[in-house]
Amino acid sequence: MTRAGGALLALLAAGAPLHAASAPAVRGAGGAVAAAEASATRAGVALLRAGGNAVDAAVATALALAVSHPEAGNLGGGGFAVVRFGDEIVTLDFRETAPAAAHAGTYLDADGDPIAEASTLGALAAGVPGTPSGLYALHQRFGSRPWAEVVDPAYHLAAGGFPVSRRLHDALVEEQEVLARFPTTAAVWLPGGAPPPIGSIVRLPELAATLARYAGLGPAGITSGPVASAVERTVAAGGGILTAADMAAYEPVWRPAVRFSAFGWELASMDLPSSGGIILGQTLGVLERLGWKDRPRFGADRAHLLAETWRRAFADRYLLGDPATTGARAADLLAAAWLDERAGEIDRAHASSSEAVAPWPGEADEADDTTHVSVVDGAGNVVAMTTTLNGSFGCGLLVPEAGFLLNNQMDDFATAPGRPNLYGLVQGAANAVGAGKRMLSSMTPTIAWNGSDVVAVGGRGGSRIPTATAQVLLNLIVDGDPLQSAVDRPRLHHQWRPDRLEADPDALGPETAAELERRGHALYFWPLPVKVHAVRRLADGTTEAAADPRGPGVGDVATPDVAAPGAPGGSK
Ligand code: GLY
């Protein structure tokens, strides 16, 4: 601070955060892809260059992530996709489900207390994978290139090998102790007892064989036959309940998107069983009512309004669960009267206590790790798709004959309603474990458009996904930031419980932080574990890709503009 110049001191006094200057987004034409790994982004761009559309490219990218981003990209997990194809807007829910043998007591001991690690580590934590059927269903409905061609880049990555990125190496180091507990996982991802060095080539022959079956047979190549039998055997040996019959019975679900407008833009996001679209819609709707656009960009007012809005949106989340078994709906929680009421509750000078903020009072009962892909093609078709194993490397257990890891998505249920899960989220009975149910998610794949200017955005990071997605959108559609700056900016987060306002270390200047504390916010500074990837097609047809440097992710375009900084490689 003492070395800062006068201009910088003035900015800090105004509450401006300190953050590194952004590199520009990668720009060009013919479509754009943003994802967590260079090899995956390349797979998507290759499909675009071969004449594929946004869905072909998104599926190829997701499959490549299942190879080179094993902590989240997956065949053994699930996800959500929001698609705008021509005039059609639809979402695909390929969220995992609870195995048929699951019940409300699966993760509780005889005293009703949660059994340590039962829903987070090992075979019992695995839900029924949705990805194999989901990606195929997306391609069947919208894809234009042959299925085998869409699977091909992932197959070649697995069979031919790929260099270990710094990101993957660091992720393996971080989870080394846990992965070492599972011999089948360690044999692949900790060869010789340690993560493979950066730049070394990893080949995954078993995963390649699974992808070859998938290319030839579609989902049946995974959800039945030898791969499904291998999953059942591995899970049973580990004390789990997921069976081949569960896998064969899995169905993805096409659902209407959650639609709303805010600040002059139209938005389409994911509905239940993800809470993401509802939280995003509530956030933008309440902030618009509170005059967000006219509050100073930096300083305590906007941070205060964000915290108070999210406190309420996450309180409402307490009521949410699988729409097949719970009554609360997006229409209830995004109704103008409810947004008015929530906006009216907010005191601009004082923080509320989360204890005093109750969820929506209607009748609700009975009626990090994840990865995101954003793709736009040259015709303006858009896909925002988030896939996940839940925790990093899912439940840690790799099915040796199949070559893929299983998820630990069962922890996204309220395994013990009222107690915090992996993300500290406190959830209600609506999201209790039940056979065949879909566990509540926070994933927020979203498409936003204003005329022919269209953006696809979303992220990874559990409960912090909707708040990060909201901030990137606010930066773009309210403050007019360039795409990459909108992604790069430091962020805040509040989720009702625990009652604290989380902030990236450089998100708040000292004066702003002091003012927020004066208003009653408990501040918690840490690098928020959430990453957002976005693409945009501007009205003039230019396409842009902006991956999150926190990942780091990689954005690229089909036809690079050689004059644009960052082209043609696209890596940041
Ligand atoms: N597993 C994180 C989420 O679905 O929100």
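The values are calculated or read from the model by the stated rules, or taken from the named source; none is laboratory data. Keep in mind that this is a model prediction, so the values were computed, not measured. For neighbour counting, all protein chains shown are included, and Cβ atoms are generated from backbone atoms with ideal geometry for every residue, glycine included. Ligands, DNA and RNA are excluded from the accessible area calculation, which covers all protein heavy atoms including side chains. Shrake-Rupley method; radii C 1.70, N 1.55, O 1.52, S 1.80 Å.
With +1 on each Lys and Arg Cβ and -1 on each Asp and Glu Cβ, how big is the dipole of region 141-228 about its Cα centre, in debye rounded to the nearest 20?
220
Could you size up the charge dipole of region 246-379 around its Cα centre, putting +1 on the beta carbon of Lys and Arg and -1 on that of Asp and Glu, and report it in debye to the nearest 20?
660
Can you pull the Rg over Rh of region 445-509, Cα-only, Kirkwood?
1.00
Rounding to the nearest 20 debye, state how big the charge dipole of the chain is about its Cα centre with +1 on each Lys and Arg Cβ and -1 on each Asp and Glu Cβ.
960
May I ask you to rank GLU355, GLU175, GLU401 by accessible area, largest first, using a 1.4 Å probe over the protein chains only?
So, going from the largest accessible area down, we get GLU355, GLU401, GLU175.
Using a ≥ b ≥ c from the Cα gyration tensor of region 82-236 (square roots of the eigenvalues), is it rounded, prolate or oblate, where a/c under 1.5 gives rounded and otherwise the larger of a/b and b/c decides, a/b for prolate?
It is oblate, given that a/c is not under 1.5 and a/b is not larger than b/c.
Percent of alpha carbon pairs in region 408-536 separated by more than 25 Å?
That fraction is 36 percent.
For region 509-556, what's the relative contact order in percent, using C-alpha pairs closer than 8 Å and at least 6 residues apart?
Worked out over region 509-556, it gives 23 percent.
Take the Cα radius of gyration of region 335-476 and divide it by 2.2 N^0.38 Å, with N its residue count; two decimals is plenty.
It is 1.28.
Quick one: pull the percent of accessible area on region 440-572 belonging to carbon and sulfur, 1.4 Å probe, ligands and nucleic acids left out.
Answer for region 440-572: carbon and sulfur cover 52 percent of the accessible area.
In the chain, if the dipole is taken from +1 on Lys/Arg beta carbons and -1 on Asp/Glu beta carbons about the Cα centre, which of ALA230, GLY192, ALA38 is farthest to the positive end?
Highest projection toward the positive end goes to ALA38.
Give me the distance between the Cα centres of region 240-283 and region 506-544, rounded to whole Å.
Centre-to-centre (Cα) distance: 24 Å.
Evaluate E = 1/(1 + (r/R0)^6) for SER200 and GLU401, where r is the Cβ-Cβ distance and R0 equals 30 Å; express this FRET efficiency to the nearest 0.05.
0.80
Taking N as the number of residues in region 414-479, what is its Cα Rg relative to 2.2 N^0.38 Å?
For region 414-479, the normalised Cα radius of gyration is 1.43.
Could you work out the Kirkwood radius for region 141-193, taking every pair of different alpha carbons, averaging 1/r and inverting it, reported in Å?
Computed over Cα pairs of region 141-193, the Kirkwood hydrodynamic radius comes out at 13.4 Å.
Provide the FRET efficiency to the nearest 0.05 for the ALA335-VAL253 pair, computing r from the beta carbons and using R0 = 35 Å.
Calculated transfer efficiency: 0.90.
How large is the Rg to Rh ratio of the chain when both quantities use alpha carbon positions and Rh follows Kirkwood?
0.95
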